[in-house]
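Peer 1: I have a structure here, written as structure tokens, and I will follow up with some questions on it.
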Amino acid sequence: MTNSRISGFYNLTIEERRAKLAEAAHLTPEDLLPFTTGGLSAESADHMVENVIGMYSLPVGIGLNFMVNGRDVLVPFVIEEPSVVAGASFMAKLVRAGGGFTATTTEPLMIGQMQLINLVNVEEARLKIYEHKAELLAIADAIDPILKKFGGGARDLEVRVIEDSAIGAFLVIHLIYDVRDAMGANAVNTACEKLAPRIEAITGGKVHLKILSNLADRRIARVRCTIPVSELGFEAENHSQVSGETVRDGIIAAWAFADSDPYRAATHNKGIMNGVDSVVIATGNDWRAIEAGAHAYAARSGRYTSLSTWGKDKDGNLVGTLEMPMAVGIVGGATKVHPAAQAAVKLMNVKTASELAEIIVSVGLAQNMAALRALATEGIQRGHMSLHARQVAIAAGASGEMIEKVAAQMVTEKVVRIDRAEEILKELKESK
């Protein structure tokens, strides 16, 4: 069984971390090799996108302490931003004290949209489509026998009238399609294209656009967690004690800001996506689709707001929830082509797309809590800048032991800028 708690992981060398990771996840060093090499050859990349000239690397960090639905998970993060992995891992540790993350998903239903234009009577056309609903679903259901074999396929057909548009009234037909463990874009788009000629014959109109919607509001991942208030307190820089109640109330107040104001909600939700996108990228899934769906879902009421909620239970413990679309897959696409994506799925011991979605939404909530806790107590810059200082030191030309020395001095001075890093580096070199 995987153990997501690895003591002192941060202080180990990269080689030692790999060894500890393999041991904790019961994997061989070869299983983790794609993380060492980047996992992708130029030849493979040339088959994935156009005009390939090489590869672009990002760091892979490991989220520790995660317990999702009673199971320990070691979570790969692909991200360039400092403090995200550390912040989420620390919050996951606090959540463990309350039983870990409890996550669920709905059925993997995606929506394919068909825009029906050039209609003489939109209401008549709408009813004709419903009259042929069984026939249309049967056509869509027969398109992918492999998907059907695994329990997927067409589930429903819905028709909406769009009244006020620049081209006048038209119909939008939604094909509800169960894609099982796939992300689903190819299957849904193919089904819509197959249905178009028959819909045109039934209605006399023209099916214009035929494409998947990234507002996957039929494919939702939900997670909740409880953090005992006793776990939230800490000692401040001035050695004063900050109580758990103070931290809890600060987190709730910070969330209330995001819940009420779209300017704050945008940054609040970006913090959630720091965690979500990191795992989506690591597993070869479409992070742009996840981003689009998340932000559209946050505005579904007509007002952009927080994807998460924070409050307290009857015992005064902090309670967080997160609900968002999560259209991820473990079969097809880059997930099956990219060796590092396969290694990421194997590391998490994920067997279904639903399991992956539950882990990802848990990471999103953990990172949201990390950002809120920092904002509500010590300020976001303290932890973030201590890590960012290293990047600034490297950008200024520091190498080897000089990186830590330059970074440490900038953090002490609370001035993390490249011009100051260059000055410190010059002073250190001259002092030698």
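Peer 1: May I ask you to say which residue of Ala265, Ala221 is of a type in the set (A, V, I, L, M), under 24 Å from Gly311 (Cβ atoms) and out of contact with any strand residue (DSSP E or B) (no Cβ under 7 Å at 6 or more places or on another chain)?
Peer 2: Going through Ala265, Ala221 in turn, just one is of a type in the set (A, V, I, L, M), under 24 Å from Gly311 (Cβ atoms) and out of contact with any strand residue (DSSP E or B) (no Cβ under 7 Å at 6 or more places or on another chain): Ala265.
Peer 1: Could you check how many residues of region 142-172 are without any contact (Cβ under 8 Å) to a residue 40 or more places away in the chain, surrounded by fewer than 16 Cβ atoms within 10 Å (Cβ to Cβ) and of a type outside the set (Lys, Arg)?
Peer 2: Total meeting the criteria: 14.
Peer 1: Does Gly379 qualify as being at pLDDT below 85 and of a type in the set (Gly, Ala, Ser)?
Peer 2: So Gly379 passes the test.
Peer 1: Where in region 306-415 are there helices (runs of 4 or more DSSP H), lying wholly inside it, with at least 2 residues that are within 18 Å of the chain's Cα centre (by Cα)?
Peer 2: Here the list reads 333-337, 339-347, 353-376.
Peer 1: Hey, among Gln391, Gln367, Gln409, Gln342, which residue is out of contact with any helix residue (DSSP H, G or I) (no Cβ under 8 Å at 6 or more places or on another chain) and surrounded by 15 or more Cβ atoms within 10 Å (Cβ to Cβ)?
Peer 2: Gln391
Peer 1: May I ask you to list the residues in region 6-32 that are more than 17 Å from Pro59 (Cβ to Cβ) and either of a type in the set (A, V, I, L, M, F, W, C) or in a loop (DSSP other than H, G, I, E, B) (or both)?
Peer 2: Ile6, Ser7, Gly8, Ala19, Ala22, Ala24, Ala25, His26, Leu27, Thr28
Peer 1: Here is a follow-up. Using beta carbons and a limit of 6 Å, which pairs, at least six apart or on different chains, have the first residue in region 320-334 and farther than 15 Å from Thr352 by Cα and the second one buried (at least 24 other Cβ atoms within 10 Å of the Cβ) and of a type in the set (Val, Ile, Thr)?
Peer 2: Pairs that qualify, where the first residue is farther than 15 Å from Thr352 by Cα and the partner is buried (at least 24 other Cβ atoms within 10 Å of the Cβ) and of a type in the set (Val, Ile, Thr), are Leu322/Val223; Leu322/Val361.
Peer 1: Residues in region 89-98: is at least one of a type in the set (Val, Ile, Thr) and not assigned by TED's automatic domain parsing to the domain that holds Leu175?
Peer 2: Scanning region 89-98, I find at least one residue that is of a type in the set (Val, Ile, Thr) and not assigned by TED's automatic domain parsing to the domain that holds Leu175, so the answer is yes.
Peer 1: Here is a further query. Could you please find all residues in region 158-190 being over 29 Å from the mean Cα position of the chain (by Cα) and closer than 14 Å to Arg218 by Cβ?
Peer 2: Listed by number, the list is empty, since nothing qualifies.
Peer 1: For Asp217, work out the one condition from (1) touching a helix residue (DSSP H, G or I) at 6+ places or on another chain (Cβ under 8 Å); (2) among the acidic types (Asp, Glu); (3) farther than 30 Å from Lys312 by Cβ; (4) assigned to a loop (DSSP other than H, G, I, E, B) it doesn't fulfil.
Peer 2: In the conditions (1) touching a helix residue (DSSP H, G or I) at 6+ places or on another chain (Cβ under 8 Å); (2) among the acidic types (Asp, Glu); (3) farther than 30 Å from Lys312 by Cβ; (4) assigned to a loop (DSSP other than H, G, I, E, B), Asp217 misses (3) alone.
Peer 1: Which residues, counting only those in region 42-56, are closer than 17 Å to Thr283 by Cα and loosely packed, with under 12 Cβ neighbours inside 10 Å?
Peer 2: Within region 42-56, Tyr56 is the sole residue that qualifies.
Peer 1: Sort out which residues of region 334-370 are among the small types (Gly, Ala, Ser) and touching a strand residue (DSSP E or B) at 6+ places or on another chain (Cβ under 6 Å), and write them in order of number.
Peer 2: The answer is Ala344, Ser354, Ala357, Ser362, Gly364.
Peer 1: For region 173-196, state whether one or more residues are within 26 Å of Glu131 (Cα to Cα), free of Cβ contacts under 8 Å to residues at least 40 places away in the same chain and out of contact with any Phe, Trp or Tyr (no Cβ under 7 Å at 6 or more places or on another chain).
Peer 2: Yes, region 173-196 has at least one match.
Peer 1: Filter region 131-167 for residues that are touching an Asp or Glu at 6+ places or on another chain (Cβ under 9 Å) and either assigned to a helix (DSSP H, G or I) or among the small types (Gly, Ala, Ser) (or both) and give the result.
Peer 2: Lys133, Leu137, Leu147, Lys148, Gly151, Gly152, Gly153, Ala154
Peer 1: Say we look at region 168-198 and pick out the residues that are of a type in the set (Gly, Ala, Ser) and part of a helix (DSSP H, G or I); which of these is farthest from Ser354 (Cα to Cα)? Walk me through it before giving the result.
Peer 2: Taking region 168-198 as the starting set, the residues that turn out to be of a type in the set (Gly, Ala, Ser) are 168-169, 182, 184-185, 187, 191, 196.
Now restrict to residues that are part of a helix (DSSP H, G or I): 185, 187, 191, 196.
On the way: Ala185: 16, Ala187: 18, Ala191: 22, Ala196: 30 Å.
Within region 168-198, the match that is farthest from Ser354 (Cα to Cα) is Ala196.
The values are calculated or read from the model by the stated rules, or taken from the named source; none is laboratory data. These numbers come from a predicted model, not from an experiment. As a convention, Cβ positions derive from the backbone with ideal geometry for all residues, glycine included, and neighbour counts pool all protein chains shown.
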